[in-house]
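Participant: Take a look at this one; I'll ask things after.
Throughout, read-outs are computed from the coordinates displayed, never taken from laboratory work. Only a predicted model underlies this, so the values are computations on that prediction, with no experimental measurement involved. Cβ placement follows ideal geometry from the backbone for every residue including glycine, while neighbour counts extend to all protein chains displayed.
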Amino acid sequence: MPNSIGLKTMLSNFIKIITLTFILLTLPAMTFADSKGNCSGWDKGSTYNRLYDYENRDMFRGYIKKIIKIKPMNGMSEGIGIIAEDCEDGEQVVVHLGPESFVSPLIKDLVPGTMVKFYGVLVEIGGQYAYMCSKIQKDGDHQYKFRKPENGTPLWAVK
């Protein structure tokens, strides 16, 4: 019969092995869930997305000045935006693209100084104007799509 010190050591080692096994088995699932990203507040029927009125969409040409992180409304997860300079009047426009987890992998090759066409809708959020972007067109036929053109449904919310 093992002594009480040996039994405590065996029990301690057993608990460590079970804990390590649990961590190793759940880590891939947590990593997968994280890779899909947190889109809190960006969902299809959210207050934010209801601002997008696809019947009022338009287009402007501009230069990318800076790619920024945004949080358009309280309770939303981080998103990606662009500060653009309108080619027509030189005005700076804050362009909202979408949640970071969806947008970041799509726009890796967009850099400041690039001239593009922005398609979307101008909205007012908390007294500030922002341009909710559905698509960016670069170099004629290279496109970055964030919303369905026919109805403005966010592509990150499409299953």
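Participant: Among the residues of segment 44-77, write down those that are surrounded by fewer than 16 Cβ atoms within 10 Å (Cβ to Cβ), of a type outside the set (Gly, Ala, Ser) and without any contact (Cβ under 8 Å) to a residue 40 or more places away in the chain.
Facilitator: Those that are surrounded by fewer than 16 Cβ atoms within 10 Å (Cβ to Cβ), of a type outside the set (Gly, Ala, Ser) and without any contact (Cβ under 8 Å) to a residue 40 or more places away in the chain: Thr47, Arg50, Glu55, Ile68, Lys69, Lys71, Asn74.
Participant: Taking the condition of being assigned to a strand (DSSP E or B) and touching a residue at least 40 places away in the same chain (Cβ under 8 Å), how many residues in segment 96-107 meet it?
Facilitator: The total comes to 3.
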